[in-house]
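The values are calculated or read from the model by the stated rules, or taken from the named source; none is laboratory data. The model shown is predicted, which means the values in this text are computed figures rather than measured ones. For neighbour counting, all protein chains shown are included, and Cβ atoms are generated from backbone atoms with ideal geometry for every residue, glycine included. We work out accessible area using only protein heavy atoms, side chains counted, and drop any ligands, DNA or RNA first. Shrake-Rupley method; radii C 1.70, N 1.55, O 1.52, S 1.80 Å.
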Amino acid sequence: MPSNRTGHGKRGASRGAPMLRLRIGFVLIAIVLSFFGARLVQLQGVDPQAYALRAAAEGAARVTLVAERGDILDRNGVPLADSIKGKMVVADPALTADRAPEIARLLSDRLSVDYFRTLTALRGRQEGSRYEYVARRVPSTLASDTLAEIDAAGFSGISLQDDPIRDYPAGDVAANLLGYMGTDEPLGGFERTFDEQLAGVDGEATWQSTSGKGVRIPLRESTLKAAQNGAPLRTTIDRDLQWFTQKVLAETVQQYRAASGSAIVMDTRTGEILALADVPTFDANEPSEADEEDLGSRAMNDTYEPGSVQKVLTAASLIDAGRASARQRFKVPGSLPRQDRVIGDWFDHGNIRLTLAGIIAKSSNIGTVLAADAFSPVELVSYLQRFGLGQRTDIGVRGETAGILTAGEAMTSQTKDRVAFGQSLSVNVAQMAAAVNTIANGGVLVSPSIISGSAVTDDGTTVGTDVATRTRVVSKQAARATAKMMEKVVDPEDGVAPAAQVPGYLVAGKTGTAQRVNPDTGLYDGSTSVSFGGFAPADDARFTVYVVIHAPKGDAGGGSTAGPVFSRIMGYVLGRYGVEPTGGKPSRLPVEW
């Protein structure tokens, strides 16, 4: 019996040993799994940022996700400026440093980047750097071809990243307004003025090389934020009309070998600017190839004396104040001695008898001065300020000048004489167009707009059609009487600008010729600025066009030089917008008595 009990106990112990080992194994496995589980929770849930930062220290890099810039659109939604696909060429110095000279030579040849700057980037601008910009905004095809050459040559550590390129599809169309971009910032025009709206907000992420080729992948846990693309900016510009206006203007500037020219087209009723052209201009895609003086908007930044276009503002003011009428009679001598000088006319004549309508039709300086004698300097300046002279339009164009209009209290009678017919004051194109448009719009000044809706400039000013204002300047009757006088300016028998007529339509307008001041000497230099401003149909105005040509050569005048430009532009815009002739009868106002 004892021997049997002893044998039975040994067999029981033999069976219990494997179970013990199995239990111990399960416990060990559980401990290991618990360790990994806790580690996983720590990595994914407790402190992921800390480990993302540690990953960065071990080869990852924090990089910028470039926001796509908002489009600048014309009134119909057609892009004037947009963004196309481009690439950023990026180096991982840990992979490029050893062969930096060879890689830098290839990249500088293919991408036209500076060899020594590229060499510095490939070696790392800072110790331990894993991410360096080599080239920005490279066309996608060129970047891909260059990367293929890098790979074929056996180099590693170069990769590509999305980097949109600013593009101006129509080249020089509205370039004077749009401005242009540098490598990393806007350098002019709307691009700079509305940069906060257009730029968007760049994102940020952490990337890491996956192989010796330098291919980068995002670390999902450590992506910081996505890029927010910029918002579009819609303008009131009509791209096709802008192109046509620039074309006609450029032809005239070339024909008369002029220094420059500007033209503007406004919707009479809304004040929206459909075209604002400057010549010479530049290709916004290649601003470095242009002269610096051509990069801005002369129409808004430069001032000049308006000349005889000013006479219609003087006449409208006199009629509104009850100091004159279109049929009022004046005896106009061949010359008019005043306090400091003798005033003459652009044409030789003896004593002539003109109505106020005749003074406008013939563009008589002497007659205008005689009519304006009914005003004191304070009264004349008060009206001109209501027309918007001496004040910026604040439409959103950088560098706009306010012009110069002497305060009435400080103005001498001699200065008042000259201001009445358009000298001794200065304006910009938008100011003068808006003033003429006031007459077209029944005496109501509607502030001009070039932004559709509203937008905030970089100086905090809100601009656009949503904030346009309307101000009564002269009565509807005074405006209509002035418009009837302006019809006589293009009359082939009585007027000085029959070339400004638009076949089939009634046109009202006014010529201008003014001496130009040399900015270096402050004195008249013998050259002139010639202009024409008007509207059509004259009896139900839809559009106002104003043209000025600076320093034309030869026998050039407002009617013969700027008048035909007005005619072509006005004819185009009337046809483009389907404006039918009114069938109205031409003005029958007498010009002589």
Query raised in the report: Out of curiosity, is A97 of a type in the set (A, V, I, L, M, F, W, C) and open to solvent by 10 Å² or more (accessible area, probe 1.4 Å)?
Result: yes
Query raised in the report: Can you name the number of the only condition in (1) within 30 Å of the chain's Cα centre (by Cα); (2) buried (at least 24 other Cβ atoms within 10 Å of the Cβ) that R472 fails?
Result: (2)
Requested in this report: State which residue pairs qualify: first residue free of Cβ contacts under 8 Å to residues at least 12 places away in the same chain and farther than 22 Å from L589 by Cα and inside the range 339-357, second residue outside any helix (DSSP H, G or I) and open to solvent by 30 Å² or more (accessible area, probe 1.4 Å) in any location, beta carbons under 8 Å apart, and separation of 6 or more residues or different chains.
Outcome: V342/S335
Query raised in the report: From the list T457, T461, T465, which one is within 17 Å of the chain's Cα centre (by Cα), of a type outside the set (K, R) and surrounded by fewer than 16 Cβ atoms within 10 Å (Cβ to Cβ)?
Result: T461
Report task. Could you list, in sequence order, all residues of the range 73-120 that are outside any strand (DSSP E or B), within 35 Å of the chain's Cα centre (by Cα) and hydrophobic (A, V, I, L, M, F, W, C)? Result -> V78, L107, L111, V113
**Report entry** From the options R269, R234, residue that is part of a strand (DSSP E or B) and open to solvent by 50 Å² or more (accessible area, probe 1.4 Å)
**Finding:** R234
Report task. From the list G533, G575, pick out the single residue that is modelled with pLDDT of 95 or more and open to solvent by 30 Å² or more (accessible area, probe 1.4 Å). Result -> G575
Report summary line: Scanning the range 183-227 residue by residue, the ones that are assigned to a strand (DSSP E or B) and modelled with pLDDT of 55 or more total 12
Query raised in the report: Can you tell me which of Q477, Q515 is in contact with a strand residue (DSSP E or B) (Cβ under 6 Å, 6 or more places away or on another chain) and either part of a helix (DSSP H, G or I) or within 16 Å of Q310 (Cβ to Cβ) (or both)?
Result: Q515
**Report entry** Residue under evaluation A153, criteria (1) touching a residue at least 40 places away in the same chain (Cβ under 8 Å); (2) among the aliphatic types (A, V, I, L, M); (3) touching a strand residue (DSSP E or B) at 6+ places or on another chain (Cβ under 9 Å), criterion not met
**Finding:** (3)
Query raised in the report: Do we have K488 as charged (D, E, K, R) and touching an Asp or Glu at 6+ places or on another chain (Cβ under 8 Å) here?
Result: yes
Query - Members of the range 579-593 that are within 30 Å of D240 (Cα to Cα) and open to solvent by less than 50 Å² (accessible area, probe 1.4 Å) - result: V579, G584
**Report entry** Filter pass, M19 being surrounded by 13 or more Cβ atoms within 10 Å (Cβ to Cβ), over 30 Å from G453 (Cβ atoms) and either at pLDDT below 85 or of a type outside the set (F, W, Y) (or both)
**Finding:** no
Report task. Return the total of residues in the range 121-131 being in a helix (DSSP H, G or I) and either in contact with a Gly (Cβ under 9 Å, 6 or more places away or on another chain) or among the aromatic types (F, W, Y) (or both). Result -> 1
Query - Among the candidates D520, D555, D525, D540, residue that is acidic (D, E) and in a strand (DSSP E or B) - result: D525
Query raised in the report: Would it be correct to say that S159 is under 25 Å from E204 (Cβ atoms), in contact (Cβ under 8 Å) with a residue 60 or more places away in the chain and among the polar types (S, T, N, Q)?
Result: yes
Report task. Determine whether L425 is open to solvent by less than 10 Å² (accessible area, probe 1.4 Å) and either under 20 Å from the mean Cα position of the chain (by Cα) or touching a residue at least 24 places away in the same chain (Cβ under 8 Å) (or both). Result -> yes
Query raised in the report: Which of the residues belonging to the range 346-373 are exposed (fewer than 15 other Cβ atoms within 10 Å of the Cβ) and either within 17 Å of S413 (Cβ to Cβ) or among the charged types (D, E, K, R) (or both)?
Result: D348, R353, D373
Report summary line: Restricting the range 147-182 to residues that are assigned to a helix (DSSP H, G or I) and hydrophobic (A, V, I, L, M, F, W, C), the one nearest to D71 (Cα to Cα) turns out to be L178
**Report entry** Count of residues meeting criterion [in a loop (DSSP other than H, G, I, E, B) and under 22 Å from G358 (Cα atoms)] in the range 558-593
**Finding:** 9
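Just give me the residues in the range 261-287 being aliphatic (A, V, I, L, M) and either free of Cβ contacts under 8 Å to residues at least 12 places away in the same chain or closer than 23 Å to T465 by Cα (or both), in sequence order.
Once the filter is applied, which keeps residues that are aliphatic (A, V, I, L, M) and either free of Cβ contacts under 8 Å to residues at least 12 places away in the same chain or closer than 23 Å to T465 by Cα (or both), the range 261-287 yields A263, I264, V265, M266, I273, L274, A275, L276, A277.
Of everything in the range 491-505, what is in a helix (DSSP H, G or I) and open to solvent by 10 Å² or more (accessible area, probe 1.4 Å)? Give them in sequence order.
First, pick out the residues of the range 491-505 that are in a helix (DSSP H, G or I): 498-500.
P498, A499 - these are the residues of the range 491-505 that are in a helix (DSSP H, G or I) and open to solvent by 10 Å² or more (accessible area, probe 1.4 Å).
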